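Asks: I am attaching a structure below and will ask some questions about it afterwards.
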Amino acid sequence: MRSYGLWALAVFLLLSLVLTGFGAPEKEAPRPVAPAAPESYIVSVAQDANGVIYIGDAGQKAIFRLLEGKKEIVAKGPGRPGTPLYALRSIALDPKGYIVAADPATSDVYRISADGKMVSLTGGKMGMPHGIAVNAKGEIYATDLGLEALYRVAQGKLDKIADVKSPSGLAIDKDGSFLVVSRGRNNLYRVTADGEVAPVIEGRKLSFPHAVVVENTGTFLVTDGYDKAIWRVTKDGELTLLVKGAPFVSPQGLAHEPKGSVLVADPHARSIFRVSQDGKVSVVYKE
């Protein structure tokens, strides 16, 4: 019995040495892997008077311009919490060619020059700036999802235009009034310059609306991320479907083109699409 116990002990020790790699050649330590580049999350799109397309990319905390189908960096944030463009949400262009960007993570709106220099316009005084629009005079307006209001934004100054429930996208109509997309009780509001608020789309008829643009015909287009759709809306609030489904995954940002088509930013498709007035979709840029 004693010899059997000693033999079992010897086998156990031998197996332990084998399993722990005793006597085996040392394995080369794994080489460090460079961190992957941040994935794109294209949330917004704009186009200047020369037809150059600009892309707001929340994933890369950057704004790009498209040149011959390739992205070129215009401005890029440091990528740390509390720094510009950390949670970039929307972009617009002013008449002088500056980019205006809303960043809810820093509670700020930035004006960005062609060489990428960023200037804070609010000093972090907003709540969660979301939608951005600029009129022909260069006046900047922003919706604030956190403070639930529409503001006029000037250098270091905020003027409240109106309180709006759960505002997101923003556009300026031809008469100077504002169209505000909402995820609250009504999906689209009109706000006059003196702050009067009235629903255009009464009720919650859209699943998750994001942005709005004004068409040449005076109707409006609204993106709906959850329904993978773009809706056409009359001034009386009547809805018709312009396009729905593939290739859209979650259409969000919108920009109107002079000839009547629209550019659509879809972060989940990682693409910019062009949609004609009759609903034909083509790819402008894809990651």
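Asks: Using the Karplus curve 6.51 cos²θ - 1.76 cosθ + 1.60 with θ = phi - 60°, what ³J(HN,Hα) values do you get for each residue of segment 91-98, in whole Hz, with x for Gly and Pro?
Replies: With the stated coefficients, segment 91-98 comes to 9, 8, 10, 9, x, 8, x, 6 Hz.
Asks: Further question on the same structure: Residue separation times 0.36 nm, minus the C-alpha to C-alpha distance between residue 219 and residue 282: what's the value?
Replies: This chain segment gains 20.5 nm when fully extended.
Asks: Give me the one-decimal nm value for the distance between modelled label points at residue 165 and residue 192, 7 Å along each residue's Cα-to-Cβ direction.
Replies: 2.2 nm
Asks: For Cα extents along the principal axes in Å, pick the label among (i) 60, 40, 39; (ii) 101, 40, 40; (iii) 67, 45, 40 that corresponds to the value derived from the coordinates.
Replies: Derived directly from the coordinates: (ii).
Asks: OK, next. Quick one: which residues, 5 or more positions from residue 140 or on another chain, have an amide H under 5 Å from its amide H? H modelled 1.01 Å from N in the peptide plane, none for Pro or chain starts.
Replies: Amide H neighbours of residue 140: 153.
Asks: May I ask you to derive the relative contact order of the chain, considering only C-alpha pairs under 8 Å and at least 6 residues apart, and to give it as an integer percent?
Replies: 10 percent
Asks: Can you work out ³J(HN,Hα) from phi for every residue in segment 117-123, in order, using Karplus 6.51 cos²θ - 1.76 cosθ + 1.60 and θ = phi - 60°, giving whole Hz and x for Gly and Pro?
Replies: In residue order, the calculated couplings are 6, 10, 10, 6, 9, 10, x Hz.
Asks: To the nearest 10 degrees, how steeply does helix 2-19 sit against the main Cα axis of the chain, on a 0 to 90 scale?
Replies: Helix 2-19 sits at roughly 40 degrees to that axis.
Asks: With runs of 4+ DSSP H residues as the only contributors, calculate the mean residue ellipticity of the chain at 222 nm using -39,500 (n - 2.57) per run, divided by the residue total and rounded to the nearest 500.
Replies: Result for the chain, helices only: -2000 deg cm²/dmol.
Asks: What ranking, highest mean first, results for peptides 92-103, 164-175 when packing means the other Cβ atoms within 10 Å averaged over each residue?
Replies: In decreasing order of mean packing, 92-103, 164-175 become 92-103, 164-175.
Asks: Same structure, new question: Remind me, relative contact order of segment 179-287 in percent, using alpha carbon pairs under 8 angstrom and six or more residues apart?
Replies: Relative CO of segment 179-287 lands at 15 percent.
Asks: Here's another thing I want to ask about it. Quote the charge dipole size of segment 38-286 about the Cα centre in Debye, to the nearest 20; the model charges only the Cβ of Lys and Arg (+1) and of Asp and Glu (-1).
Replies: So the dipole magnitude of segment 38-286 works out to roughly 480 debye.
Readers should treat all values here as calculations from the given coordinates under stated rules, not as data from a laboratory. All values reported here derive from a predicted model rather than from experimental measurement. With ideal geometry, Cβ positions are generated from the backbone for all residues, glycine too; neighbour counts draw on all protein chains shown.
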